[in-house]
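What follows is a single structure, written as structure tokens, with notes after it.
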Amino acid sequence: MLSAIRPKSRVIFGYLLIPIVFYVFAVFVPLMTAAFFSFFNWKGGPNKTFNGVENYLTLLKDSVFWQSFGHNIYLVVASIIGQIGLAFIFVLIINSKLVKFKGIHRTFGFFPSTIAAVSIGFIWTMIYDYKRGLLNWFLALIGNAEAAKVWLNDEKLVMLLVSIPLVWQWIGYYMVIILSAISSIDKEIFEVSELDGANAVQQALHIIIPLIKNTLLVCVTLCVAGNMKAFDHIWVMTKGGPGNESMVMALYGYNISFAQQNMGYGSAISVGIFIASLLVIAGTQFIVKLVSEKN
Amino acid sequence: MANEYTRVAGKKSSSFTNNPILFIFFNGMLMIFSLSCIFPLIWMFYSSLKEKRVFNADIIGLPKDPTMSNYVNVLTNKDYHIFESVLNSFRTTIISLVLIVLFGFIVGYILARIEFPGNRLIYAIFLMGVLIPIHSLLVPIYVVFNSLDIANKWYTLIIPYVSFALPIAVFLVEGYVKSIPISMEEAAAIDGSSFTRTLFSIIGPMCKPILATVAIIQTFSCWNEFSFALVLIKDVGLQTVPLAMTQFTGQFTSDYPKIMAAMLITMMPIVIFYFIFSRQIIEGMVAGAVKG
């Protein structure tokens with residue numbers, strides 16, 4: 001039967017050719033190029049000299065790269081706790097029948113996730129601004145004006161401060177994903193458990209979480225992948241500073257390659273980012289699989 | 001026994017749902033969150049109607065005599081290229097979307113339906129694309145594009161945007177096509193419809209819902225994409241919206257109302273799009289995320 005709809009091979013080939021060329025050209029060719037140039041000493045000019053694995057040895061000892069990697073992990077953890085955790089709590093509240101204007105919460109809450117990270121970065125830069133920022137204005141309002149400071153210059157707080165916009169931006173997104181997962185649970189289960197005397201917390205722990213586990217794991221995967229590539233809003237807010245206190249991997253690779261014109265080492269960093277991100281993403285996938293098979 | 005038990009439990013849950021303190025606390029918490037999501041937009045809107053001097057004196061108050069001067073300034077000053085950047089973003093986004101939907105549809109359909117040697121290999125190649133950390137391509141893509149002299153052109157950004165979106169588009173379409181009964185195509189083939197005709201006039205319309213989902217997700221990622229635009233576009237006349245915003249980081253950091261006016265102009269198309277189609281957009285994004 002299938003042969004009736006099977007077109008000639010050259011027709012299939014013709015249809016597949018352009019998309020695959022596009023895709024291979026923009027994804028695999030750059031990867032190969034990076035792998036190739038990572039073995040060269042190349043400062044962006046016409047001169048390239050082969051220097052073997054020297055770039056990689058430098059990378060292994062490059063404390064800034066590892067610090068950036070740590071910051072990516074920080075963002076991942078902050079996002080899993082802040083985004084998925086808060087989103088889950090908000091969803092429980094929305095589902096508790098106590099809350100009015102559910103549609104508005106959905107529409108407004110989701111809104112920030114549709115805005116460019118660059119704009120989000122700008123908005124929060126204005127919030128953190130020393131003289132004209134909303135945060136210091138608020139501190140003055142509650143009579144705590146002496147706590148005001150140049151927020152994004154604070155080495156100890158800067159990672160927390162740049163992760164707040166990121167977490168805030170995507171809460172609504174995860175909220176809607178979790179909401180739609182819960183709405184597919186049979187209502188009878190809740191009614192029966194209520195009759196059995198289960199309270200809201202027990203329902204959440206013993207009914208909702210096990211039943212939407214797969215959705216929650218999808219959320220974790222999205223969180224990990226999304227935060228390993230953090231770049232835009234940190235570029236806008238701090239450019240990785242003060243010092244390297246809010247540097248992330250993609251931004252570091254960018255700085256080395258373009259600000260310092262060190263394309264050879266920049267390529268090695270790109271390969272490093274590739275491997276590090278892949279390991280973290282694959283590692284989470286592995287844990288996710290393990291968790292879902294256990295239960 | 002059982003009766004008593006249910007009654008007690010019923011009482012408990014009703015006292016829970018009628019608790020006024022919880023009611024206020026829960027509603028208040030969600031209100032604060034929802035307001036925080038929308039307040040920046042409102043704050044930027046009315047602040048953009050203030051002059052810099054007025055804004056610096058009072059950052060939160062409503063403007064006493066609203067002025068359009070920031071908007072006039074941003075739009076008429078040729079150095080900012082704000083209007084051009086909106087056009088560039090429109091062009092890049094629309095062409096990318098058309099190609100993503102077209103390519104995603106064709107590849108997804110062929111991989112789902114037609115057996116040929118290499119089908120699974122191509123599938124695996126696209127599967128890898130979902131896992132590849134795209135941001136590690138930032139520097140190498142610049143090297144490749146620059147050496148082929150295709151960086152910094154009007155079409156430059158379309159290439160990575162289409163390529164990066166293809167894996168997810170292919171998967172969504174492939175999964176969707178598998179749920180369509182194959183008898184449609186068989187009937188069409190028996191009636192003498194060519195492959196191309198079946199593909200576009202029979203399968204195409206049936207795939208509309210999933211293609212709409214793909215288009216919605218990618219509208220936002222193309223319009224908002226920043227890092228590859230930053231690396232690949234140097235000419236201010238070619239920059240997209242997120243890139244146009246960054247020119248305000250250094251030189252005008254003190255003139256917030258002007259930055260806000262520029263931001264609102266560049267955000268406007270996507271904000272209007274969102275609030276008109278919010279229900280479809282939310283559903284589409286969620287469907288894409290969960291299935292992808």
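The values are calculated or read from the model by the stated rules, or taken from the named source; none is laboratory data. All values reported here derive from a predicted model rather than from experimental measurement. Positions of Cβ are backbone-derived with ideal geometry, glycine not excepted, and every protein chain shown enters the neighbour counts.
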Mind telling me which of the residues B:ILE233, B:ILE270 ends up being at the interface with another protein chain (Cβ under 7 Å from one of its Cβ atoms), out of contact with any strand residue (DSSP E or B) (no Cβ under 6 Å at 6 or more places or on another chain), surrounded by 18 or more Cβ atoms within 10 Å (Cβ to Cβ) and at pLDDT 90 or above?
B:ILE270
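Per-residue answers, yes or no, for (1) polar (S, T, N, Q); (2) farther than 30 Å from B:GLY284 by Cα:
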site	(1), (2)
A:ARG132	no, yes
A:TRP137	no, yes
A:PRO165	no, no
A:TYR174	no, no
A:ILE177	no, no
A:PHE190	no, no
A:LEU195	no, yes
A:ASN199	yes, yes
Which ones in region A:252-288 are facing chain B (nearest Cβ under 7 Å) and buried (at least 20 other Cβ atoms within 10 Å of the Cβ)?
A:GLY253, A:TYR254, A:SER257, A:MET263, A:GLY266, A:SER267, A:SER270, A:ILE273, A:PHE274, A:SER277
Tell me, please, whether a residue that is closer than 19 Å to B:PRO257 by Cβ and crowded, with 17+ Cβ neighbours inside 10 Å can be found in region A:136-152.
yes
The conditions are (1) small (Gly, Ala, Ser); (2) within 13 Å of chain B (Cβ to nearest Cβ); (3) surrounded by fewer than 18 Cβ atoms within 10 Å (Cβ to Cβ); (4) in contact (Cβ under 8 Å) with a residue 12 or more places away in the chain, and A:GLY14 fails exactly one of them. Which is it?
(4)
From the set of residues in region B:166-220 that are of a type in the set (D, E, K, R) and surrounded by fewer than 22 Cβ atoms within 10 Å (Cβ to Cβ), which is nearest to B:GLY284 (Cα to Cα)?
B:LYS208
When only residues in region A:79-104 that are in contact (Cβ under 8 Å) with a residue 12 or more places away in the chain and within 9 Å of another protein chain (Cβ to nearest Cβ) count, which is farthest from the chain's Cα centre (by Cα)?
A:SER96
Looking at region A:125-141, I want the residues that are more than 9 Å from chain B (Cβ to nearest Cβ) and have a partner that is in a helix (DSSP H, G or I) and of a type in the set (Ser, Thr, Tyr) with Cβ atoms under 7 Å, at least 6 apart or on another chain. Which pairs are those?
A:LEU135/A:TYR128
Looking at region B:119-142, which of its residues are in contact with a Ser or Thr (Cβ under 6 Å, 6 or more places away or on another chain) and either modelled with pLDDT of 90 or more or hydroxyl-bearing (Ser, Thr, Tyr) (or both)?
B:SER136, B:PRO140
Listed by range, helices (runs of 4 or more DSSP H) wholly within region B:53-140 having at least 3 residues that are within 12 Å of chain A (Cβ to nearest Cβ) and closer than 30 Å to A:ASN227 by Cβ are B:82-113, B:119-131
Specify the residue that is nearest to A:GLY70 (Cα to Cα); the eligible residues are those in region A:202-250 that are touching a Pro at 6+ places or on another chain (Cβ under 8 Å) and of a type in the set (A, V, I, L, M, F, W, C).
A:MET228
With B:LEU41, B:LEU49 as the choices, which residue is hydrophobic (A, V, I, L, M, F, W, C), at pLDDT 85 or above and part of a helix (DSSP H, G or I)?
B:LEU41
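Would you check if A:VAL158 is hydrophobic (A, V, I, L, M, F, W, C), more than 11 Å from chain B (Cβ to nearest Cβ), in contact with an Asp or Glu (Cβ under 9 Å, 6 or more places away or on another chain) and over 24 Å from A:ALA282 (Cβ atoms)? Working first, answer last.
Working: hydrophobic (A, V, I, L, M, F, W, C): yes; more than 11 Å from chain B (Cβ to nearest Cβ): yes; in contact with an Asp or Glu (Cβ under 9 Å, 6 or more places away or on another chain): yes; over 24 Å from A:ALA282 (Cβ atoms): yes.
Spelling it out, A:VAL158 is indeed hydrophobic (A, V, I, L, M, F, W, C), more than 11 Å from chain B (Cβ to nearest Cβ), in contact with an Asp or Glu (Cβ under 9 Å, 6 or more places away or on another chain) and over 24 Å from A:ALA282 (Cβ atoms).
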Just checking, does region B:244-259 include any residue being charged (D, E, K, R), more than 10 Å from chain A (Cβ to nearest Cβ) and buried (at least 21 other Cβ atoms within 10 Å of the Cβ)?
yes
Scan region A:224-241 and tell me whether some residue there is β-branched (Val, Ile, Thr), farther than 27 Å from A:ILE164 by Cβ, part of a helix (DSSP H, G or I) and facing chain B (nearest Cβ under 9 Å).
no
Number of the condition not met by A:VAL76 [criteria: (1) without any contact (Cβ under 8 Å) to a residue 12 or more places away in the chain; (2) within 28 Å of B:CYS222 (Cα to Cα); (3) more than 9 Å from chain B (Cβ to nearest Cβ); (4) of a type in the set (Val, Ile, Thr)]
(1)
